[in-house]
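To start, the structure itself, in structure tokens.
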Amino acid sequence: MTRLFLGVEHSLRGRPWRDRLDVEGQGRAEAMAQLYGHSELLARVLAGRGVLPEASEAFLNPSLRDLMPDPSIMQDMDAAVARLVRAVEAGETVAIFGDYDVDGACSSALLAEFLSACGLPFLLHIPDRIFEGYGPNSEAIKALAQRGATLLVTVDCGTTSHEALAEAGRQGMDVLVLDHHQAPETLPVVEALVNPNRQDDLSGLGALCATGVVFMVLVALNRALRAKGFWTDTRKAPDLLASLDLVALATVADVVPLTGLNRAFVSKGLMVMRGRGRPGLRALFDVAGADGPPRPYHLGFLIGPRINAGGRIGDAALGAKLLLIQDETEAGQIATELDRLNRERQAIEAATLAEAEGEALAALGMSEQGAVIVVGGDNWHPGVMGLVAARLKERLRRPAFSIAFTGENGTGSGRSITGVDLGRVVRAAVEAGVAIKGGGHAMAAGVSLTRSQLGDFRAFLEEKLGPDVERAKAQESLLIDAALTAGAAKPAMIEMIERAGPFGSGNPEPVFVFPAHRLVDVAEVGTGHVRLRAKAGDGSMISGIAFRIAAEPLGQALLKARGEPIHLAGTLAIDRWGGGERVQLRLLDAAIPQLHR
């Protein structure tokens, strides 16, 4: 375990601060700076992410050419491509069945765009979250067959949809599944199932989101069509690199690790976005008020939530439609509607969260015992259950499930902490008979159960996850990359550090500490945020914002600490509001220096 940073053993959020670099990592950082000429700060950031000195140049310039393997290494890839080639040659009508989240919208749009370039008619179906639920369903499949589809392609879903996909076969449709969710041993009987997380797939590409999987399929399909002479001077192959904006958006929004190939996808996709060539994304960036060049922060916190809003509380297909649309006026109208739905979603989420948080705190009791939070309520909107679970996880620092009940039936979502696999335990709960269906990733899962199963489900999670949660909480700490003063936090420094990005899951954003800076101004703003300004000993200043913490111990302590020196820890960003460039601290934690002398 690395040394305490500034001696902070218990921060205002009750956790130790530790140097991200151990002795070996510090040696790597020094070698990187000396041998390759990187600044000491950038070298520390790189070493803290496991980059070896000799690999630093390649890491700073991620290349698709170097990182992308032959798609055929994925199980069933060649079979899927062969069936798509037959569809293209025969001019078949293809039905695309996607999920209602950002990854589902992006993967649906990516596939539809390519099929259009091939001259194929396609039908796009995104299920309604409330009335249809997640994944393929028999009624929708029958309707697609009646509209003339002979090939069904599910994207970001389908790996566990045995009965619904069997119905597609009965309707005379062949089925391809392009997915990334964790897979059981027994798979549906389909023409091909391309999923790097199926148990017999040895590609090592399990970190891809569904849109990344679809991109790999289209690269292979493009290659096969070229070999057959399908592309000509008059029928040109689509520019798949221009579609990396969709892959980048989905990769960030689905919170898959930004390492290896994913990091290259996002890096190149952000470059595509800067060209503002996709009308739907351009309209959404504008309506969201995103400033400066696109960054992962914009995708995760401004663009993704607006696309998701359609699937949560409105028309689930709006996101995919927006990403496909070419008409500027219509793109603006859909973007405006998604923005309105997102504001409505925020209000619904806030009201539900207040009720859910009260139930969670009452269940935990004064001692806050319990490994997992499981709350449920009547008349809760199913579309915000994942968001409520995420807020409960952040607030109470343990895995959380939030479940919306209608009568006896409930559907909900869970969010986890690092080191605790929710997808695995939910699948085990289904097998144990304490849930009807469910699954997902390590960090996020969905579940359906009855009201009578709720107690058994909660007990099952406590038993199975208790040791993992205890171990994860014992290891919890805030990892610090370096200490800075306000005067050192300049836009040029941040641009230098961003060369180690894009940052996100698996490639964490650097966390910096501003030691013993005096709080000259602190106030609650917006919906529970805290804004502050802090001064270093040399008189330099930095502004900061801490989101949704005003009612928490950290927020209360900050509001009382005006005029006092305090250690501030957080990430840095360039604030371009109003046309200028100012560095802003996004506060994650703080500590009182006197307690750690």
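Centre-to-centre, using Cα atoms only, the range 542-580 and the range 517-534 are separated by 5 Å. Comparing 300, 371, 43 along the charge dipole axis of the chain, the residue lying farthest to the positive side is 43, per the Cβ-charge model. Each residue of the range 256-269 is assigned a 3J(HN,Hα), and the resulting list reads 8, x, 8, 10, x, 4, 4, 5, 5, 4, 6, 4, 6, x Hz, derived from the Karplus form 6.51 cos²θ - 1.76 cosθ + 1.60 (θ = phi - 60°), x at Gly and Pro.
Multiplying the residue separation of residue 224 and residue 541 by 0.36 nm and subtracting their alpha-carbon distance yields 108.3 nm.
Between the amide H of residue 564 and those of 519, distances stay under 5 Å, these residues lying 5 or more places away or on another chain, with hydrogens modeled in the peptide plane. Shown is the FRET efficiency for residue 525 and residue 139, computed with R0 = 51 Å from the Cβ-Cβ distance and rounded to the nearest 0.05: 0.60. In this structure, the residue pairs whose Cα-Cα separation is over 32 Å, taken from 393/437; 321/464; 142/321; 228/437; 321/437; 142/437, are 321/464; 228/437. Computed on the range 85-157, with alpha-carbon pairs under 8 angstrom and 6+ residues apart, the relative contact order is 47 percent.
Compared with the dominant principal axis of the Cα atoms in the chain, helix 328-364 is inclined by about 60°. Taking Cα atoms only, the orientation of helix 454-474 departs from the longest principal axis of the chain by about 50 degrees. Here the range 403-429 is scanned for amide nitrogen atoms under 16 Å from the site 7 Å beyond the Cα of residue 475 along Cα-to-Cβ, giving 416-422. The angle separating the long axis of helix 210-227 from the principal Cα axis of greatest extent in the chain is about 50 degrees. Charged side chains reduced to their Cβ positions (Lys and Arg at +1, Asp and Glu at -1) give the chain a dipole of some 1260 debye around its Cα centre. Under the criterion of Cα pairs below 8 Å and six or more residues apart, the relative contact order for the chain equals 12 percent.
Dipole of the range 217-259 computed with +1 at Lys/Arg Cβ and -1 at Asp/Glu Cβ about the Cα centre; of 219, 234, 244, farthest Cα towards the positive end is 234. Of all aspartates and glutamates in the structure, those lying under 12 Å Cα to Cα from residue 268, and not within fewer than 8 positions of it along the same chain, are 245. Taking the centroid of alpha carbons for each part, the range 184-247 and the range 423-477 are 32 Å apart. Net length available on complete extension from residue 166 to residue 61 is 33.3 nm, with 0.36 nm assigned per residue and the Cα-Cα distance removed. A value for Cα Rg over 2.2 N^0.38 Å was derived from the coordinates, and within the list [x] 1.07; [y] 0.98; [z] 1.11 it appears as [y].
Just subtract the alpha-carbon distance of residue 24 and residue 499 from 0.36 nm times their residue separation and send over the number in nm, one decimal.
Between residue 24 and residue 499, full extension yields an extra 168.7 nm.
With unit charges on the beta carbons (Lys and Arg positive, Asp and Glu negative) and the dipole taken about the Cα centre of the chain, which residue among 97, 5, 316 sits farthest to the positive side? Positive-most Cα among the choices belongs to 5.
Near residue 141: Cβ cut-off under 13 Å, other residues only, Lys/Arg at +1 and Asp/Glu at -1. The net charge is -2. Taking the Cα centre of each part, how many Å lie between the range 262-326 and the range 99-116? Centre-to-centre distance over Cα atoms comes out at 13 Å.
Of the beta bridges in the chain, as assigned by DSSP with both residues counted there, near 60 percent are antiparallel.
What dipole magnitude, in Debye to the nearest 20, does the range 67-274 give about its Cα centre under +1 on Lys/Arg Cβ and -1 on Asp/Glu Cβ?
680
The sum of -39500 (n - 2.57) across all DSSP H runs of n ≥ 4, divided by the residue count of the chain, sets its helix-only mean residue ellipticity at 222 nm to -12500 deg cm²/dmol. Across the range 67-274, the mean sequence separation of Cα contacts (distance under 8 Å, 6 or more residues apart), normalised by length, yields a relative contact order of 23 percent. Dipole check for the range 336-468: with +1 at the C-beta of Lys and Arg, -1 at the C-beta of Asp and Glu, and the Cα centre as origin, the magnitude is about 260 Debye.
Taken together, the values in this text are just the output of simple stated rules run on the coordinates, not laboratory data. Just so it is clear, the structure is predicted and the values come from calculations on it, not from any experiment. Quick reminder, even Gly has a Cβ in these numbers, built from the backbone with ideal geometry, and neighbours come from all protein chains shown.
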